[in-house]
């Protein structure tokens, strides 16, 4: 059973990402904060007897479900269609120039300097915009797999789908982001 | 660009690398949240931890109540009346046992009395005079018969 301190530390460690993740989905700061708060409460009230090691997976699952519940409550066609039913991403050009990218991108690109701070902030905004444009399942798979650093099986469990679907969603998400960001002239 | 089967692994690896670089950017975004948002998140966290505490307390209380109910602990009723009431079932049991014992004694005494009464009041049946043993008994001199003569 997770102690009070363990629970507090865990929540402190995940709250920022949880908020951003929720914000990418619902695109409303207040709603994202409500979703994170509800998720925290559900975790504390219903899973307080679980060991600390199980908290990350439980919280990701709760956050996903709470976000889904928020969309259900909206009951608007736009919310539903734009976030849940657009899985028709084309497979054409899936493998375009990842290899080209990986061979040409210098490793030192992430280093900050006084000159590029502003442009990096702009880049960040554009990355977030493109992330929000992704289909919901692709975005969810991408964020869980790479940002929350869950493995494929854990991501599949959190999303309630197969591991193959996770791989497909992740691949399409990365491909779509790279295409869009490259079109904007952003090289990561 | 078309990927050959031999470069499939490299393609997946390249995707991973690109994804890692992207989320590194997102980490920076998460670290730059406005103060108001951070405060809201902190308040939500504190509230969640407090609810976990109250849940734990409720659970402990319910277990304690269950335990004191089963054990009839002194906490349940510290007053004299509560103690007396808690002894009522035992008192009723003792009184009941005494009552059953008395009733049983009365019944046994009544049965013995009935037998004695029947023996004392019963008349000699006529068939007894056809019994040789009884006739011989009658012919024997008894102290009462001797006295009567």
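Using the average count of surrounding beta-carbon atoms within 10 Å as a protection proxy, the listed peptides A:139-146, B:131-138, A:46-53 rank, highest first, as A:139-146, A:46-53, B:131-138.
Beyond 18 Å, the tail of the calculated P(r) for the range A:126-188 holds 32 percent of the Cα pairs. Residue separation of residue A:153 and residue A:65 scaled by 0.36 nm, minus their Cα-Cα distance, works out to 29.9 nm of gained length. Based on C-alpha pairs under 8 angstrom that are at least 6 apart in sequence, the range A:126-188 has a relative contact order of 39 percent. Annotation for the range A:149-188 versus the range A:25-42: alpha-carbon center distance of 23 Å.
A protection proxy built from the mean count of other Cβ atoms within 10 Å ranks the segments A:155-163, B:34-42, B:85-93, most packed first, as A:155-163, B:34-42, B:85-93. Legend: P(r) of the range A:4-81 from all alpha carbon pair distances, 10 Å bins from 0, whole percents, reading 19, 51, 23, 6, 0. Across peptide B:8-15, the average count of Cβ atoms from other chains found within 10 Å of a residue's Cβ is 6.
Quick note: the coordinates plus some simple rules give every number you see, no bench work behind them. Because the structure is a prediction, the values reported are computed rather than measured. All Cβ positions, even for glycine, are placed from backbone atoms using ideal geometry, and neighbour counts span all protein chains on display.
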